[in-house]
Amino acid sequence: MRILLVEDHVELSHWVSKALRDANLTVECAATGADADALLHTQDYALVILDLTLPRMDGLDVLRRLRARGGTRGRTPVMILTARGGLEERVQGLNLGADDYLAKPFELAELEARVKALLRRSVGNEAPVHSCGQLSFDTVARMFTYCGEPLALTPREHAVLEALISRPGRAVSKEKLFDEVFALDDDANLDAIELYIHRVRKKLDKRPEGGAAIATLRGIGYLLQERPPAGS
């Protein structure tokens, strides 16, 4: 899941982005309202965490412009994170289309819980556990288990598998996977997705009975499906 964090306080931005990356999320950062507005005009995100007091464009203006665009990008979930916690501004932000509001100072555990809840809604599945065969993903703990045991994954392998398991029965294009796995400033190209698909497949193939498999649909993308029983 790729998140845009819009925060001009350098230390806070570093702290929050590190915590979210440690939770196996892909995070991009913007320090001004204008930069955030430009990114939201061209990029897809699963969630925006938006400060209100920003240089070069106020956070409420960023939110207003995002919602005015309409379409899929215009419906991107937004959590406002700000020290401007007065009732009037909270109401204004929610009326402009914010999905959640967290005032500074805040506890990291609460921020992570709210982020996870919004991400579950963003993919149209609020169930806390996603499953495919004996592969399960706990969206609260953000951990995979496979045949009853924890599945060890690198952050990018985790991102690939999460993107697939959160869209049950739907193929995910290579381009969409790339957008969710890599940030804009990562030094990678589209073919890198094939490497991570290969690595995840190897880990899933270790448990063939009752397991899960990634199918390649030529020209369409990749589909996570339950592995058929041996000999079927």
| note | Conditions (1) in contact with a Gly (Cβ under 7 Å, 6 or more places away or on another chain); (2) open to solvent by less than 70 Å² (accessible area, probe 1.4 Å) -> residue 160 fails only (1)
| Neighbours by Cβ (under 6 Å, 6+ apart or cross-chain): first from the stretch 137-159, at pLDDT below 90; second open to solvent by 40 Å² or more (accessible area, probe 1.4 Å) and in a loop (DSSP other than H, G, I, E, B) | 139/128; 140/128; 147/134; 147/207
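Which one of these is at pLDDT 95 or above, open to solvent by less than 50 Å² (accessible area, probe 1.4 Å) and either of a type in the set (Asp, Glu) or in contact with a helix residue (DSSP H, G or I) (Cβ under 9 Å, 6 or more places away or on another chain) (or both): 78, 115?
Values: 115 fails: at pLDDT 95 or above.
78 is the lone residue from the list that is at pLDDT 95 or above, open to solvent by less than 50 Å² (accessible area, probe 1.4 Å) and either of a type in the set (Asp, Glu) or in contact with a helix residue (DSSP H, G or I) (Cβ under 9 Å, 6 or more places away or on another chain) (or both).
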| task | Find the residue count for the stretch 82-103, including only residues that are in a loop (DSSP other than H, G, I, E, B) and either closer than 21 Å to residue 121 by Cβ or in contact (Cβ under 8 Å) with a residue 60 or more places away in the chain (or both). | result | 4
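Can you tell which of 70, 86 is modelled with pLDDT under 90, open to solvent by 20 Å² or more (accessible area, probe 1.4 Å) and at positive phi?
Details: 86 fails: at positive phi.
The unique qualifying residue is 70.
Just to be sure before I move on: is residue 20 at pLDDT 95 or above, in contact with a helix residue (DSSP H, G or I) (Cβ under 9 Å, 6 or more places away or on another chain) and open to solvent by less than 30 Å² (accessible area, probe 1.4 Å) in the structure I sent? Full working, then the answer.
Numbers: at pLDDT 95 or above: no; in contact with a helix residue (DSSP H, G or I) (Cβ under 9 Å, 6 or more places away or on another chain): yes; open to solvent by less than 30 Å² (accessible area, probe 1.4 Å): yes.
Answer is no for this residue.
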| message | Which count do you get for residues in the stretch 36-72 that are without any contact (Cβ under 8 Å) to a residue 24 or more places away in the chain and assigned to a helix (DSSP H, G or I)? | response | 4
| remark: Scanning the stretch 40-60 for residues that are open to solvent by less than 60 Å² (accessible area, probe 1.4 Å) and more than 19 Å from residue 119 (Cα to Cα) gives 52, 54, 55, 57, 58, 59, 60
| Selection count, the stretch 1-35, where residues are part of a loop (DSSP other than H, G, I, E, B) and β-branched (Val, Ile, Thr) | 1
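Limited to the stretch 180-226, what total is found for residues that are assigned to a loop (DSSP other than H, G, I, E, B), open to solvent by 70 Å² or more (accessible area, probe 1.4 Å) and not acidic (Asp, Glu)? First the steps, then the outcome.
Keep residues of the stretch 180-226 that are assigned to a loop (DSSP other than H, G, I, E, B), which gives 182-191, 206-211, 218-220.
Going one step further and asking which of them are open to solvent by 70 Å² or more (accessible area, probe 1.4 Å), we end up with 184-185, 187, 189, 191, 206-207, 209, 218-220.
If we keep only those that are not acidic (Asp, Glu) as well, we get 184, 189, 206-207, 218-220.
Final tally of qualifying residues: 7.
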| task | Go through the residues of the stretch 152-164 one by one and say whether even a single one is within 18 Å of residue 77 (Cα to Cα), in a helix (DSSP H, G or I) and within 13 Å of the chain's Cα centre (by Cα). | result | yes
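The values are calculated or read from the model by the stated rules, or taken from the named source; none is laboratory data. Since the structure is predicted, the reported quantities are computational estimates derived from the model, not experimental observations. All Cβ positions, glycine included, derive from the backbone under ideal geometry; neighbour counts span all protein chains shown. Note: areas computed on protein heavy atoms with side chains; ligands, DNA, RNA excluded. Shrake-Rupley method; radii C 1.70, N 1.55, O 1.52, S 1.80 Å.
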